[in-house]
1. Normalised by the empirical 2.2 N^0.38 Å for globular proteins, what value does the Cα Rg of chain B take?
2. From the gyration tensor of the Cα coordinates in the stretch A:9-116, what semi-axes in whole Å does the equivalent ellipsoid have, largest first, with each one equal to sqrt(5λ)?
3. Are there any trypsin sites (Lys or Arg not before Pro) in the stretch B:1-96 that are in a DSSP loop and have at most 14 other Cβ atoms within 10 Å? List them by number.
4. Tell me the Rg and the Dmax, in Å, that the Cα atoms of the protein assembly as shown produce.
5. Ignore the peptide's own chain and count Cβ atoms of other chains within 10 Å of each Cβ in B:86-98; give me the average, rounded.
6. Positive end of the dipole of chain A, charges at C-beta (+1 Lys, Arg; -1 Asp, Glu), about the Cα centre: which of A:P109, A:F20, A:L41 has its Cα farthest in that direction?
7. May I ask for the distance between the Cα centers of the stretch B:61-107 and the stretch A:34-101, given as a whole number of Å?
8. Where nothing but the Cβ of Lys and Arg (+1) and of Asp and Glu (-1) is charged, how large is the charge dipole of chain B around its Cα centre, in debye to the nearest 20?
Amino acid sequence: DVKVTQSSRYLVKRTGEKVFLECVQDMDHENMFWYRQDPGLGLRLIYFSYDVKMKEKGDIPEGYSVSREKKERFSLILESASTNQTSMYLCASSSYSGGAGMKTQYFGPGTRLLVL
Amino acid sequence: GIQVEQSPPDLILQEGANSTLRCNFSDSVNNLQWFHQNPWGQLINLFYIPSGTKQNGRLSATTVATERYSLLYISSSQTTDSGVYFCAVEGNTPLVFGKGTRLSVIA
């Protein structure tokens, strides 16, 4: 059974703190993604990675960074948390099927982050 | 970039009713997926369907790539079908999500 886990379901942090969100997948997938989900805005891509030590900016990378030192782990870092980063953060992974684009994305349970 | 529009934005159904959710996209795609987000926030993949028709129990999906739309059919709806349904497409960039259809099934 495929599995994507995220380090916390709920997190409360203070403005200015450095925040680490961890995501681990056990499916040997090449691709990993971080999204944030806000009411009325849907899912927006923050960063993604197609391989170890590789990262690409998504649609809203400002205020975030990522790290992928191992294939199964993709970390999202909020360098200095701000109240407008209060959101639901979702991690996903998928494999690459060559010419047919990426296969199915599998999502973790999400982390609800509140920045005070 | 590619645009994804879903309709209707909200839908309320009586248990047992059928429904059709629509996803329109603005450019050619090589990947289209339907997801269901349950009330606890978990996103579950329903279909990987860049073209053609697939069925899984009471759910089925059809994508007409040449006309740039996909349909998700839910038959004999149950209260557990409630949640938000997302369509997501991949062209030259990673998956782009629509804003979803919020479905409420009432007993």
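Computed from the coordinates by the stated procedures, all read-outs in this text should not be read as laboratory data. Computed from a predicted structure; not experimentally measured. All Cβ positions, even for glycine, are placed from backbone atoms using ideal geometry, and neighbour counts span all protein chains on display.
1. Normalised Rg, Cα atoms only: 1.01.
2. The three semi-axes for the stretch A:9-116 are 24, 14, 12 Å.
3. The qualifying sites are B:R58.
4. Rg, Dmax (Cα atoms, Å): 17.4, 50.
5. For this peptide, the per-residue mean of nearby foreign Cβ atoms is 4.
6. Comparing the listed Cα positions along the dipole, A:F20 ranks first.
7. 22
8. It works out to roughly 80 debye.
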